[in-house]
Amino acid sequence: MWGRARWASRLRKGVVELERALASLGNILKLEERRGYNNKSVMGGLERFLSQTLLPSLETDGTSQQAVVIRRVAGELGGYTALPPDQRAARIRSAMEVLRNGESRPAPVPTAGRIHLKQAPSQAVPALDEAIVTVPYVGPKRQALFEKLGINTVRDALEYFPKDYHDRSTLRTIAELNYGNKETFVAEVRTVSVRRLRNSTNLLTAVLADHTGTIEATWFTRGYYRPSIEQGQEMIFTGKIGQYHGKLKVEGAEFEDIERGLLHSGRIVPIYRSTEGLPPKLLRRVLHDVVSYHAPRVAEYLPPYLLERDGLSDLSDALGEIHFPSSWDGLETARRRLGFGELFEMQLGALIKQAARRKQAGGVRLSVDHPDLDLFLGNLPFRLTGAQQRVINEVLGDAGSEAPMLRMLQGDVGSGKTVVAAAALVAAVAGGYQGALMAPTEILAEQHYRNVTRLLEPMGERAPRVALLTGSLKGRARTQVYEGIASGEVQIVIGTHAIIQQAVEFQRLALAIVDEQHRFGVEQRAALVAKAHANPHMLVMTATPIPRSLALTAYGDLDLSIIDEMPPGRQEILTQAFGPAERSQAYARLHEEAEAGRQAFVICPLVEESEKVEAKAAVAEYERLQGDVFPDLRLGLLHGRMKAAEKDRVMEQFRDRELDVLVSTSVVEVGIDIPNATVMLVEGADRFGLAQLHQFRGRVGRGAQRSYCLLLADSPGEDGRKRLEIVEQNTDGFFLAEQDLLMRGPGEFYGLRQSGALNLKVASLADVGLLEETRKLAAGLLEDDPRLDDYPELARRVEARLNSLSEAN
């Protein structure tokens with residue numbers, strides 16, 4: 001009987017010894033033959049010896065002819081242990097034949113030449129507008145599962161794109177399989193056995209073999225189900241390669257018969273978002289039938305000159321490739337084509353809406369040349385920046401027209417948006433109308449009220465009469481405000497959503513301003529407009545800088561004004577990042593400021609799981625800071641699970657200096673003005689994006705004292721360190737927004753309608769170049785064909801996109 005140590009020593013000596021090893025291997029096979037195929041010719045049995053001793057020893061010389069012959073012998077003897085004597089005899093004869101023929105043995109037919117990918121649908125597919133239940137393999141039982149994914153019709157299925165792809169196109173031999181990798185290989189099923197386990201579980205074991213070796217495959221099944229795999233079949237397998245007792249094996253591998261068209265392996269395989277009860281293979285099979293039938297039949301809707309100009313593939317090819325790519329290059333070409341189409345449709349829709357609004361009559365022409373407006377602008381306590389003057393001109397230009405204004409005003413924190421809003425309100429009152437400014441919280445509403453009345457004071461007797469209306473206003477005081485609004489005695493109303501309560505009736509509302517507009521739903525904004533006289537002018541404001549190209553796309557039906565210049569004399573904020581070991585230095589700086597009578601914000605680390613989990617983490621952080629770090633300071637807590645009244649109470653305490661430190665999640669108000677707050681300390685700063693860090697920083701530096709933004713990193717990776725470095729070195733909100741867009745995509749921007757609501761399945765709002773290109777091309781097409789008469793299918797798609805946006809909002 002041969003020992004393993006003897007073999008290992010012999011194989012380590014190189015090719016000469018491989019020749020001797022082959023001769024010895026022949027002797028072992030003859031000995032096995034003489035012993036009646038009892039599997040005792042070598043210690044541990046033939047199969048174990050080959051897989052655990054002989055094949056691993058070939059790593060130093062895996063390409064020589066001798067090594068190839070040894071692998072072929074191992075392949076012939078795969079599954080030998082489980083075979084009955086008559087089949088063992090046949091395998092020994094085949095292995096001895098391999099040894100005798102050596103180099104003269106014909107090479108196997110390459111696997112790739114024997115397989116073919118599934119192309120045609122397996123059955124007829126209904127029309128695009130038919131219900132998904134009519135498609136083969138769906139039926140009434142699975143209809144609800146498909147509808148849960150948003151697949152209600154055949155058209156929905158055609159446009160249900162993969163979320164990811166797995167490359168299973170690279171086929172390996174068994175000898176080339178790598179431990180720990182997910183691999184795809186073709187093999188013959190040599191043996192199959194099923195063993196009954198406890199709890200109605202079965203263990204199905206198969207030995208798989210090709211010309212280079214063998215590997216054991218196992219599947220766990222329940223009840224009477226067993227995979228349809230039989231001895232003698234040649235199949236393609238995909239699974240993660242593991243090991244057991246040093247021997248490679250594969251568990252739960254997916255497989256297909258190579259005689260049929262391959263759909264789940266042997267190609268770049270699409271991975272679709274599925275739901276419980278809907279097997280991924282079944283979903284892929286249904287979608288393949290839909291795509292392979294309908295993709296070649298869909299009508300192209302983009303103008304031919306655009307396809308030629310931009311080198312875009314046609315719609316049929318793009319749909320086929322994005323579902324079942326022939327190559328990675330083909331997939332990228334499909335994404336570019338479909339993404340271009342989505343953005344082009346969206347830009348057309350936005351421009352069509354914008355043009356229709358600008359032609360709309362029945363608006364109110366405000367008095368933009370009235371002496372009261374000159375009086376207001378001439379008595380401001382500061383000089384307007386060039387950006388403020390430009391934006392005021394843009395707003396008044398709209399307000400002086402009968403076409404209702406719908407304009408978005410963007411400006412960084414502290415850029416001076418309030419004076420623009422005040423100028424518009426004065427123009428409304430000067431023309432004999434009323435104006436309203438709605439803010440999302442009482443704190444912000446009160447802040448706007450104080451700032452606007454301060455700006456109007458120099459007008460003396462000509463100053464408009466302003467009232468504050470919030471939910472906390474009760475009894476007779478509230479009734480008086482209601483009466484003043486109804487009679488017109490109150491000319492400007494500043495408040496919260498209390499402004500849109502049913503009891504509030506305006507006499508002649510002509511201008512509606514919404515601050516932090518993303519905090520209000522479409523219905524709330526519409527309710528404010530509904531209280532107006534005729535079609536009112538609307539100005540929506542945001543303190544979140546959004547790159548212009550992105551804003552023009554996401555809010556393309558609005559006109560856009562940007563205050564991109566800060567007023568002179570704005571207090572500089574020193575921004576500094578700290579590593580985990582430097583935390584005490586940051587705490588010391590905060591404590592110094594608090595001892596000097598100033599205040600600080602502490603932002604808790606971002607918790608992605610849920611608002612409930614984030615709130616719990618905020619409470620724990622508050623208790624840690626109060627008990628261990630700042631026991632001598634007065635701390636308050638603010639998080640998203642608190643009721644609005646609780647939040648307002650805490651913010652009032654902080655504003656009134658009853659608290660030294662406000663511990664908060666990211667819900668702390670964007671525009672809140674606490675002049676005495678000089679420190680913004682952000683825990684876990686590496687988890688936040690640039691835009692959010694800049695928003696936090698903007699909540700300090702509003703007084704005369706030097707302010708600090710202290711960024712504490714937990715364990716930043718390369719991207720996290722880069723973001724902190726960029727924030728340290730830059731204070732321009734729009735520059736940071738551009739960088740954030742490049743690094744993290746558009747989801748970081750508060751108030752931005754996400755790609756889901758925009759119904760973008762392929763296009764990325766981070767592709768600034770494509771955003772700008774499609775807007776220019778859309779404007780050019782509408783100039784020549786305003787109603788898209790020459791492109792009815794394009795017009796239909798644009799209208800459908802506009803309708804879906806209206807429903808989403």
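One Cα centroid belongs to region 254-320, the other to region 193-251; the line between them spans 30 Å. Placing one equal scatterer on every Cα of region 474-557 and applying the Debye formula, the log10 ratio I(q)/I(0) at q = 0.14, 0.23, 0.24 Å⁻¹ is -0.55, -1.16, -1.24. Taking the three principal axes of the alpha carbon atoms in region 671-726, the coordinate ranges are 36, 17, 16 Å, sorted in descending order. Size descriptors for the chain, from the alpha-carbon set: Rg then Dmax equal 36.1, 121 Å. What's the long-distance tail for region 328-481, i.e. % of Cα pairs beyond 18 Å? Looking at region 328-481, the distances longer than 18 Å represent 68 percent of pairs. Rounded to the nearest Hz, the phi-derived 3J(HN,Hα) couplings of region 576-588 under the Karplus curve 6.51 cos²θ - 1.76 cosθ + 1.60 (θ = phi - 60°) are 9, 9, 10, x, x, 6, 9, 4, 5, 5, 5, 4, 5, where x marks glycine and proline.
For the chain, averaging the sequence separation of C-alpha pairs within contact (under 8 Å, six or more residues apart) and dividing by the residue count gives a relative contact order of 10 percent. In a Debye calculation with equal point scatterers on the alpha-carbon sites of region 196-265 and no solvent, what is log10 I(q)/I(0) at q = 0.23 Å⁻¹? Listed by q, the Debye log ratios stand at -1.15.
May I ask for the net charge around Ala423, where only other residues with Cβ less than 12 Å from the Cβ of Ala423 are counted and Lys, Arg are +1 while Asp, Glu are -1?
Working: positive: Lys417; negative: Asp372, Asp374, Glu394.
Computed value for this residue: -2.
Scattering from region 364-454 was approximated by placing one identical point on each alpha carbon and applying the Debye formula without solvent; log10 I(q)/I(0) at 0.10, 0.17, 0.21 1/Å stands at -0.25, -0.75, -1.17.
For region 609-663, the Kirkwood hydrodynamic radius from C-alpha pairs, put into Stokes-Einstein at 10 °C and a viscosity of 1.306 mPa s, yields a diffusion coefficient of 136 µm² per second. Exposure check, 1.4 Å probe, all protein chains in place: Ser169 carries approximately 60 Å² of accessible surface.
Once C-alpha pairs closer than 8 Å and six or more residues apart are averaged by separation and normalised to the residue number of region 612-678, the relative contact order reads 35 percent. Highest mean packing first, where packing is the average number of other Cβ atoms within 10 Å per residue, the peptides 197-204, 793-800, 632-639, 353-360 line up as 632-639, 793-800, 353-360, 197-204. Over the C-alpha trace of region 250-317, radius of gyration and Dmax come out as 16.7, 52 angstrom. So what does Asp732 come to for accessible area, using a 1.4 Å probe and Å² rounded to 10? Approximately 80 Å² for this residue.
Volume of the convex hull of region 490-608 (Cα atoms only), normalised per residue: 233 Å³.
Split the accessible area of the chain by element, probe 1.4 Å, and carbon with sulfur accounts for 47%. Spacing of the modelled spin labels on Lys761 and Lys616, each 7 Å from Cα toward Cβ, amounts to 3.8 nm. Gyration tensor analysis over the Cα atoms of region 424-524 returns equivalent ellipsoid semi-axes of 19, 16, 14 Å (largest first, whole Å).
Using a simple spin-label model with pseudo-atoms 7 Å out from Cα toward Cβ, Arg570 and Arg390 lie 1.5 nm apart.
Using every pair of separate Cα atoms, the Kirkwood estimate puts the hydrodynamic radius of region 328-386 at 16.6 angstrom.
If the chain linking Ser316 and Arg34 were pulled fully straight, counting 0.36 nm for each residue of separation and taking away their Cα-Cα distance, it would gain 95.0 nm.
The alpha-carbon atoms of region 598-746, seen along their principal axes, cover 40, 38, 29 angstrom, with the largest extent given first.
Tell me, what is the per residue accessible area of region 307-372 in Å², probe radius 1.4 Å?
Working: 2960 Å² over 66 residues.
Value for region 307-372: 45 Å² per residue.
Taken over region 570-657, the percentage of Cα pairs per 5 Å bin, counting from 0 up to the bin with the maximum distance, is 2, 11, 18, 23, 22, 15, 7, 1.
Pairwise inverse Cα distances across region 231-357, averaged and inverted, put the Kirkwood hydrodynamic radius at 17.9 Å.
Less than 5 angstrom separates the built amide H of Leu262 from those of His116, Leu117, Lys118, all sequence-distant by 5 or more or on a different chain. Sequentially through region 776-790, phi angles give Karplus couplings (6.51, -1.76, 1.60; θ = phi - 60°) of 5, 5, 5, 4, x, 5, 5, 5, 8, 9, x, 9, 6, 4, 7 Hz, Gly and Pro residues having no value and appearing as x.
Based on the Cβ-Cβ distance from Lys776 to Gln501, what FRET efficiency comes out when R0 is 35 Å, to the nearest 0.05? Don't skip to the end; give the middle numbers.
Numbers: r = 44 Å, r/R0 = 1.27.
Efficiency computed from Cβ-Cβ geometry: 0.20.
Could you tell me what percent of the DSSP beta bridges with both partners in the chain are antiparallel, to the nearest 5?
Working: 38 of 97 bridges.
Counting DSSP beta bridges with both partners in the chain, the antiparallel share is about 40 percent.
Find out how many positive minus negative residues lie around Gly239, taking Lys and Arg as positive, Asp and Glu as negative, among other residues whose Cβ is under 13 Å from that of Gly239. Summing Lys/Arg as +1 and Asp/Glu as -1 gives 0.
The values are calculated or read from the model by the stated rules, or taken from the named source; none is laboratory data. Quick caveat: nothing in here was measured; it's all calculated off a predicted structure. Counting neighbours? That spans all protein chains shown, and the Cβs are built from the backbone with ideal geometry, glycine included. Ligands, DNA and RNA are excluded from the accessible area calculation, which covers all protein heavy atoms including side chains. Shrake-Rupley method; radii C 1.70, N 1.55, O 1.52, S 1.80 Å.
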